[in-house]
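The values are calculated or read from the model by the stated rules, or taken from the named source; none is laboratory data. Here the structure is a predicted model, which is why all the values come from computation and not from measurement. Don't worry about glycine lacking a Cβ; one is built from the backbone with ideal geometry, like all the others, and counts go over all protein chains shown.
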Amino acid sequence: MSPDILAPLTIAAMAVVTYCTRIGGFLLLRNRSLSPRALAVLEAVPGCVLISVIAPRFVAGKPGELLALAITLLAAWRLPLLPTVLVSVVATGLLRHFM
Amino acid sequence: MSTGAEFRRGLRESLPVLIGFLPIALVLGAQATAKGFQSWQVPLMTGGNFAGGSEFVAVGLWAVPPDLLLIAAMTLLVNSRHLLMGAALAPLVRHLPARKIFPSLFVMCDESWAMGLADARKRGIFSLPYYLGTSAGMWTTWVLFTFIGAFFGPMIGDLSVFGFDMAFTAVFLVLLRGAWTSFKAARPWFVSLAVAAPTYLVLPGAWYVATGAISGLIAAFFLAEEK
């Protein structure tokens, strides 16, 4: 299929899937409760997905990239979103240039 | 109080949240076009999906052409927390007719859900127009500013030369920090990382996301203490 069609289709699929999650909990769980184990798994889901998506950064071959990641990690731990992004982008750009 | 007044109260009280949305929306929009989104496709995604975390994941995995099944599956995983949120909301809206509940759930995001529930706790009753007021401002702000980010992003040029591609990693790490409660609770994340990173090195494509996410969830299942 051509990308012209696949991109809008993917966007539509996202919208459908997400709406299903919004009404799904209401429909399925309104009259019962989840086990603590099921709750623990559901709570872990977003974090597991986020860390998996950025995992390649942790095994980047170049030392400059790894150092940039370490700086980003430190910033993310201490600062709000926007300063973190700024520190991270500047550090990455500089390290790429000089290392 | 009248419906209109309640709606306006929700809109007014959501203002600080809207200001917080601005930079995230701009970054998301700019990254989306850098990854190959057409600028008109960005508000389509952010308006129809309206769940920021999954949109950052989709942009991170985006290619031309995109892998529809992978992105749909990851959207489902990231947004599975909505199942819990909807379930928590259910007893408060049970008295309302379905024709009001189902459209209202379309705009349920972390922030509008939290505000609606906090207001209900304070006042003893869930106010649908208040919740819709908070949601309306959030939806409009999100769609508008992701589009502005998408529109002006390309004018800055090739972002990876300057390190702009790291912005997306930074956003994810801040989101993880926000979800962090304790090392114990975060153990499944480390399992995900320990599996996803080697998978990335040995397998082509985006398998590392699936293997990492699933092994983290298996770990969460076995690490959860029985009550």
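Exactly one residue among A:49, A:87 is in contact (Cβ under 8 Å) with a residue 12 or more places away in the chain and in contact with a Ser or Thr (Cβ under 9 Å, 6 or more places away or on another chain), and that residue is A:87. The sole residue among B:203, B:176 that is among the aliphatic types (A, V, I, L, M), crowded, with 16+ Cβ neighbours inside 10 Å and closer than 28 Å to residue A:73 by Cα is B:176. Every condition in (1) at pLDDT 85 or above; (2) crowded, with 17+ Cβ neighbours inside 10 Å; (3) within 22 Å of the chain's Cα centre (by Cα) holds for residue A:85 except the one numbered (1). Only a single criterion out of (1) assigned to a helix (DSSP H, G or I); (2) within 19 Å of residue B:2 (Cα to Cα) is not satisfied by residue B:117, namely (2). Residue count for region B:1-47 satisfying the condition of being of a type in the set (Gly, Ala, Ser), buried (at least 18 other Cβ atoms within 10 Å of the Cβ) and away from chain A (no Cβ under 14 Å): 2. Evaluate region B:74-95: report whether one residue or more is away from chain A (no Cβ under 11 Å) and either more than 14 Å from the chain's Cα centre (by Cα) or buried (at least 16 other Cβ atoms within 10 Å of the Cβ) (or both). Looking through region B:74-95, at least one residue is away from chain A (no Cβ under 11 Å) and either more than 14 Å from the chain's Cα centre (by Cα) or buried (at least 16 other Cβ atoms within 10 Å of the Cβ) (or both). Does residue B:113 meet the test of being modelled with pLDDT of 90 or more and buried (at least 20 other Cβ atoms within 10 Å of the Cβ)? When the stated conditions are applied, residue B:113 does not pass them. Of B:210, B:194, B:185, B:219, all but one fail to be at negative phi, in contact with an Asp or Glu (Cβ under 8 Å, 6 or more places away or on another chain) and more than 7 Å from chain A (Cβ to nearest Cβ); the exception is B:185. With respect to (1) facing another protein chain (nearest Cβ under 7 Å); (2) under 18 Å from residue A:7 (Cα atoms); (3) touching a residue at least 40 places away in the same chain (Cβ under 8 Å), the lone exception for residue B:66 is condition (3). What are the residues in region B:162-172 that are facing another protein chain (nearest Cβ under 7 Å), more than 14 Å from the chain's Cα centre (by Cα) and within 17 Å of residue B:55 (Cβ to Cβ), if any? Residues satisfying the conditions are B:167, B:169, B:170.
Could we say that residue B:140 is surrounded by fewer than 17 Cβ atoms within 10 Å (Cβ to Cβ) and in the same structural domain as residue B:111 (by TED's automatic domain parsing) here? The answer is yes for residue B:140. The condition (being modelled with pLDDT of 90 or more, at negative phi and surrounded by fewer than 16 Cβ atoms within 10 Å (Cβ to Cβ)) is satisfied by just one residue among A:78, A:57, A:30: A:78.
Might you check whether a residue that is modelled with pLDDT under 90, within 21 Å of the chain's Cα centre (by Cα), of a type in the set (Gly, Ala, Ser) and closer than 19 Å to residue B:18 by Cβ occurs anywhere in region B:119-138? No; the residues of region B:119-138 include none that is modelled with pLDDT under 90, within 21 Å of the chain's Cα centre (by Cα), of a type in the set (Gly, Ala, Ser) and closer than 19 Å to residue B:18 by Cβ. Flag set for residue B:207, criterion: modelled with pLDDT under 90 and more than 30 Å from residue B:39 (Cβ to Cβ).
When each of B:140, B:146, B:134, B:199 is tested for being hydroxyl-bearing (Ser, Thr, Tyr) and at the interface with another protein chain (Cβ under 9 Å from one of its Cβ atoms), the lone residue that passes is B:199. Within region A:60-75, the set of residues being more than 8 Å from every other protein chain (Cβ to nearest Cβ) and either crowded, with 23+ Cβ neighbours inside 10 Å or closer than 22 Å to residue B:182 by Cβ (or both) comprises A:74 only.
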